[in-house]
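Input: a single structure, listed below in C-alpha cells.
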Amino acid sequence: MKINDILNQNRLSLSFEVFPPKTETAFESVKAAVEEIAKLKPAFMSVTYGAGGGTSKYTLDIAKSLKDRYSVPTLAHLTCVSSSRETVAQKIREIQAYGIKNVMALRGDIPKELEDADRSGWDYRHAVDLVKELKAADRDFCIGGACYPEVHPESKDQEEDIRHLKEKVEAGCDFLTTQMFFDNNLLYDFLRKIRRAGITVPIIPGIMPITNANQIERAIHLSGSYVPPQFKSLVDRFAGDPAAMKQAGIAYATNQIIDLYENGIKNVHVYSMNKPDVAEKIRANLCDILG
Ligand code: FAD
C-alpha cells in the first residue's frame, strides 16, 4: 500500500521508524525488535538507510519482511550523497524487485572528511536529484522527503531552506516527514510558512520519545533541536532515575502527539528506534484516541 493512500483518514494514526543492524550478527535481534513493533499494526513503518550504503541490504530485507509477513506498509529510506549513479540505479532496481512502493529520498549527511571537498563533480549533491531519478525510474513510486521545522543546519536561513524544499516537492515528493522537534509551536509556525510558500503535500511530524538522558544530548547534537524549558527541567529532574526518565520521556512525547492531533494533524511518525516497549507504551497511552 502506498503511504499517500493512508494519509487521508480522519482518525489519528501512528507510524514507527526503525533502523537496520550494522552487522550480520545483530540482524536477528534487530529483526525480532522490529517485528514486535510491527505487531502493533502501525499505519506504516519506515526503515532507515546508512548514509554510506553499508547497511543497505538490511534496509530492504527488513522492509520486505515487514511488508510480506506483517502486511505493514513499509517505507524504505535511500540516501544518495556518497553513492554513484550506478549504485543508486542498482538500488532502485532492488527496491522494485522487492515490491517496495514507498521510498524516502534523502541526501544523507556529508561525511566529515568530505565537508570541505569540491562537490561539483559529485553524482548527487541534493536529495532533489534522487527524487527526480526515482520518479523517472517508476512513476508509481510514492516518494517521501525530509523537512526541517527548525531549518536544516546547512541552510543560510529558513527562506532559502523552504525554497529548496519546494523544488524537492515539485520534483516529485508525495509527502514530507519532519526532523524531530520538542516544541510543537515551531512545527505550527513552519507549517504556516510552507503553506504560504505553496507547498501543499501532506506533512508528517516526526516525534522522538527521549527515554534516557544520554539520548537527548545525542539527539540535539544531530538535529540541533530547540529544547523548551519544560522539557529541559524534565530531563534535569529525572536524568538520575532511568525508569522515571523513560516514563517521563514517553509522557512528553505522548502529550506532543495529543497536541498535534488537537491542532488538526492526523498522522504522526514516531522515531521508535527499535524499541518495541517504547512504541507499545505510546500506542497504549493513545489507544482511545487511535480507536
Ligand atoms: P536535502 O533536501 O538535499 O537538503 C540538504 C541541504 O541542502 C538543506 O540545507 C537544503 O536547503 C539544501 N539544498 C537542497 N537543495 C538544494 C539546491 N538545489 N541548492 C542548494 N542547496 C540545496 N540520513 C541517513 O543517512 N539515513 C536515513 O535513513 C535518514 N532518514 C531521515 C529521515 C528524516 C525524516 C529526516 C528529517 C532526516 C533523515 N536523515 C537520514 C538525515 C538526512 O540525510 C540529513 O539531514 C541530511 O543532512 C539532509 O538530507 P535531505 O534529504 O534533507 O537533503
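The values are calculated or read from the model by the stated rules, or taken from the named source; none is laboratory data. Since the model is a prediction, treat every value here as computed from it, not as a measurement. Cβ coordinates were reconstructed from backbone atoms using ideal geometry, including for glycine residues, and neighbour counts include every protein chain displayed. Heavy atoms of the whole protein, side chains included, go into the accessibility calculation; ligands, DNA and RNA do not. Shrake-Rupley method; radii C 1.70, N 1.55, O 1.52, S 1.80 Å.
Here is how the numbers come out for the structure above:
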| item | result |
| --- | --- |
| So Lys168, is it charged (D, E, K, R) and in contact with a His (Cβ under 8 Å, 6 or more places away or on another chain) | yes |
| Subset of the stretch 126-145 (residues that are within 11 Å of the ligand (Cβ to nearest atom) and among the β-branched types (Val, Ile, Thr)) | Val128, Val131 |
| Test: residue in the stretch 183-200 that is surrounded by 16 or more Cβ atoms within 10 Å (Cβ to Cβ), under 20 Å from the mean Cα position of the chain (by Cα) and not in a helix (DSSP H, G or I) | yes |
| Meets criteria (free of Cβ contacts under 8 Å to residues at least 24 places away in the same chain, open to solvent by 70 Å² or more (accessible area, probe 1.4 Å) and small (Gly, Ala, Ser)) for Ala117 | no |
| Ile92, sole failed condition from (1) open to solvent by 20 Å² or more (accessible area, probe 1.4 Å); (2) more than 15 Å from the ligand (Cβ to nearest atom); (3) in contact (Cβ under 8 Å) with a residue 40 or more places away in the chain; (4) not aromatic (Phe, Trp, Tyr) | (1) |
| Residue selected from the stretch 146-184 under the condition more than 15 Å from Tyr271 (Cβ to Cβ) and small (Gly, Ala, Ser), by the criterion farthest from the ligand (Cβ to nearest atom) | Gly172 |
| Matching option when the condition is away from the ligand (no atom under 14 Å from the Cβ) and either among the β-branched types (Val, Ile, Thr) or open to solvent by 20 Å² or more (accessible area, probe 1.4 Å) (or both), among Asp109, Asp123, Asp61 | Asp61 |
| Tyr49 vs. criteria more than 14 Å from the chain's Cα centre (by Cα) and not acidic (Asp, Glu) | no |
| Members of the stretch 181-236 found to be within 16 Å of Asn263 (Cα to Cα) and of a type in the set (Ser, Thr, Tyr), listed by number | Tyr188 |
| Residue in the stretch 219-229 that is surrounded by 13 or more Cβ atoms within 10 Å (Cβ to Cβ), touching a His at 6+ places or on another chain (Cβ under 9 Å) and either among the β-branched types (Val, Ile, Thr) or more than 24 Å from Ile110 (Cα to Cα) (or both) present | no |
| Pro149 part of a loop (DSSP other than H, G, I, E, B) and surrounded by 20 or more Cβ atoms within 10 Å (Cβ to Cβ) | yes |
| From Glu217, Glu262, residue being among the charged types (D, E, K, R) and over 30 Å from Phe27 (Cβ atoms) | Glu262 |
